[in-house]
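Below is one structure; the comments refer to it alone.
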Amino acid sequence: MHSMTVDKSDDTLAVVVLDRNISEEIRIMEIGDELTEIASKIPDGKALVLDLQNVEYCSSAMICQLVQLHKSTQKNGVELKLRHVSPTIQDILRVMRLDTVFRIESSNA
């Protein structure tokens with residue numbers, strides 16, 4: 001099941017997550033697998049923008065998937081950016097002190 005759309009430009013791959021609530025373990029694993037597969041195909045020096053405009057809530061397990069994605073993209077020379085992060089998810093990232101780990105773009109980026 002595809003849970004995201006992908007838009008390519010010269011130096012960026014933008015992925016829009018379509019789910020509103022990401023809290024079920026199976027969905028988290030599916031989304032994590034899709035993101036890992038997408039990220040593995042991005043050349044060194046490019047950027048992966050994860051657009052969370054549709055996501056209102058995600059569990060800590062999904063946050064862990066994002067941390068793993070960040071580590072793998074960083075290792076492969078790909079910059080990971082989060083875009084359109086809801087206030088709820090921003091609060092979760094702040095409490096977990098991950099707001100300094102992820103590059104979070106403003107909604108109008």
Need one number: convex hull volume per residue for the chain, Cα atoms only, in Å³. 91 Å³
Under 5 Å, built H, 5+ apart or other chain: amide partners of Lys46: Glu79
Lysines within cross-link reach of Lys71: Cα-Cα under 21 Å, excluding same-chain residues under 8 positions apart? Lys41, Lys46, Lys81
Using r as the Cβ-Cβ distance of Glu56 and Asn76, and R0 as 30 Å, what FRET efficiency do you calculate, to the nearest 0.05? 0.50
Trypsin sites (Lys or Arg not before Pro) lying in DSSP loop within the stretch 1-103, provided at most 13 other Cβ fall within 10 Å: Arg20, Lys41, Arg97
What is the distance in Å between the Cα centroid of the stretch 51-86 and that of the stretch 1-44? 9 Å
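All of the numbers you see were taken from the coordinates with simple rules; none came from a lab. Quick caveat, the model's predicted, so the values are computed rather than measured. So basically every Cβ, Gly included, is an ideal-geometry build from the backbone, and we count neighbours across all protein chains shown.
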